[in-house]
Amino acid sequence: MNTPTAAPRTLEPTRTVELELAGLTCAACVARVDRALRAVPGVSDAIVNLVTQRATVTVERGRAQREELAQAVRRAGYSVIGSEATSESARERLERSERAELVHAVQLAGLLTVPLLALAMSHGAWSWSESEAGRWAQLALATPVVFGPGARFLRAAWGAARHRTADMNTLVAIGALAAWGYSLVALALPGLFPHSEHGVQPHLYFEAAATIVTFVLLGKLLEARARRQLGSAVRGLHALVPTTALRREGAREFEVAVAELEPGDEVLVRPGERIPSDGAVVSGASAVDESLLSGESLPVEKRVGNAVTGGTLNQSGALVVRIVRTGADTALARIAAAVEAAQGSRAPIARLADRISAVFVPVVLAIAALTALAWFLVQPDGDGLAKALERAVAVLVIACPCALGLATPAAVAVGTGRAAELGILFKGGAVLEAAASVDTVFLDKTGTLTLGKPELVDTFALASVDEVNLLRRLAAVERASEHPLARAIVEGARARGVADAGCTEFVSV
């Protein structure tokens, strides 16, 4: 007798690979990694996000393994953090280390740049600042800034040059080195320059070199802190899930990590605890606060057979829950994944910004070179060379494309993250952009929108009952209860300055 075989499960023709990246600093970096990933055989699409430092790659099933994609990123001059299982903790460690390094770099650069600016901008207010010793002191202060904290820009610019590309680091490195190098020649060999409008000695631009490095480092530090705040919405969702649970095995209970739970396990959830994972009630009855999912302030009564969601708060009674879904399959995990996907998605306007940013750096370099040439042709002497350098450096520094590449993805990430904190989920940046044209909103709510918790608005008592005395007695009884309406009464009494009368032998029924 032939035994029927199960029909094979149809697999999707493509799969998605997530890569955690490091080293992206501007839109030019994004374009370079995007090209490198799309060049891998089997890749049908790639989305690289500057703010989240993440690449989402769509590949044909059976082709373009994760390691091939990682190698393509490394060949482009950037790093891939860990495996998919460990990348989140590795990302957090890397970001903490990066912030610590940036804080130290900004402190050192600022400590040296402030006195350098005082020397360079005194304009004769201190006679010593115009002396030979004062000029050499400027070199002594600027050099550690350019080649110490500023070394990160020099290394990154050299890495980009080896790959025959240019990015924001290229502009910063060229601007700082040009100002420092010109000033060094003017200081060591002043005879090469005729008398200028600044006096007998040629003017120095050491303060410009140090200031470039210091301010860009400060911007990088602010960017790193902002990037950390962008993940607060997702971290807040993950924090709703407890780290441990009481798993029942026969008549005994054992505390285990939530990550060890499997479908079919039964867990005990006591009053005041959060449900560890999605499941169904097999024993007990309680009221569960599901406001994080529905926005409804009143708790939902749960009895045997009712479904419960991981992360929701059990309020009044003990429940035994049989686990149905765990890990990334839970409702809360899917919500967090949707928020992350929305933060990393591209709005239509971002694609325009990416196309502009891809050619921005070469165009800026060309404009800076033409600016220097034009000023030198107008005045082909030492003064003209100094002015040409000053104007070219100004073009390089002012035109750093950080804002162009960061503004749109940062706006999408901040908008979707803040909305998630308020209980509003956007599917992606395109939806967020389209929201600007919305003029009418229909709210599917019974009554009115809520804050997620009840609030005592008014009290009504019989004519023979004093309202203050009534509220005092109610607050005394409800103080020991965990019910949201009880908490609303207690908070309402406290807000009105009414002290409860005290209660003993409280029993919840």
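The values are calculated or read from the model by the stated rules, or taken from the named source; none is laboratory data. Predicted model only: the values in this text are computed from it and were never measured. Cβ coordinates were reconstructed from backbone atoms using ideal geometry, including for glycine residues, and neighbour counts include every protein chain displayed.
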Item checked: Condition met for Ala224 (outside the structural domain of Pro144 (by TED's automatic domain parsing) and small (Gly, Ala, Ser)) -> no
Item checked: Matching residues, segment 93-107, being crowded, with 16+ Cβ neighbours inside 10 Å and more than 20 Å from Gly148 (Cα to Cα) -> Leu94, Glu95
Next item on the list: Kindly indicate whether Glu301 is more than 30 Å from Thr56 (Cβ to Cβ), of a type outside the set (Val, Ile, Thr) and either under 31 Å from the mean Cα position of the chain (by Cα) or at pLDDT 80 or above (or both).
Entry: yes
Notebook entry, point to check: Taking segment 256-271 on its own, how many of its residues are in contact with a strand residue (DSSP E or B) (Cβ under 7 Å, 6 or more places away or on another chain), among the small types (Gly, Ala, Ser) and touching a residue at least 24 places away in the same chain (Cβ under 8 Å)?
Noted result: 1
Next item on the list: May I ask you to say which residue of Val17, Val59, Val48 is surrounded by 15 or more Cβ atoms within 10 Å (Cβ to Cβ), part of a strand (DSSP E or B), more than 23 Å from the chain's Cα centre (by Cα) and not acidic (Asp, Glu)?
Entry: Val59
Notebook entry, point to check: Does segment 458-472 contain at least one residue that is part of a loop (DSSP other than H, G, I, E, B), at pLDDT below 80, β-branched (Val, Ile, Thr) and not assigned by TED's automatic domain parsing to the domain that holds Gly317?
Noted result: yes
Notebook entry, point to check: Consider Glu67 against the criteria (1) over 28 Å from Leu102 (Cβ atoms); (2) within 21 Å of the chain's Cα centre (by Cα); (3) of a type in the set (D, E, K, R): it satisfies all of them except one. Which criterion is unmet?
Noted result: (2)
Margin query: Need pairs with beta-carbon distance below 9 Å; first residue part of a loop (DSSP other than H, G, I, E, B) and within segment 314-342, second at pLDDT below 80 and among the hydroxyl-bearing types (Ser, Thr, Tyr); sequence gap 6+ or separate chains.
Written below: Ser316/Ser481; Ser316/Ser508; Gly317/Ser508
Margin query: Here is a check on your reading of the model: is Phe254 modelled with pLDDT of 80 or more and out of contact with any Phe, Trp or Tyr (no Cβ under 7 Å at 6 or more places or on another chain)?
Written below: yes
Checklist line | Qualifying residues in segment 149-172 (those that are in contact with a Lys or Arg (Cβ under 9 Å, 6 or more places away or on another chain) and under 22 Å from Glu207 (Cβ atoms)) - the one surrounded by the fewest Cβ atoms within 10 Å (Cβ to Cβ) | finding: Arg152
Next item on the list: Scan segment 200-217 and give yes if some residue there is modelled with pLDDT of 85 or more, within 20 Å of Leu24 (Cα to Cα), of a type outside the set (Gly, Ala, Ser) and surrounded by fewer than 18 Cβ atoms within 10 Å (Cβ to Cβ), otherwise no.
Entry: yes
Check: Here is a list of conditions, (1) modelled with pLDDT under 70; (2) surrounded by fewer than 12 Cβ atoms within 10 Å (Cβ to Cβ), and Asp439 meets all of them except one; can you say which number that is?
Finding: (1)
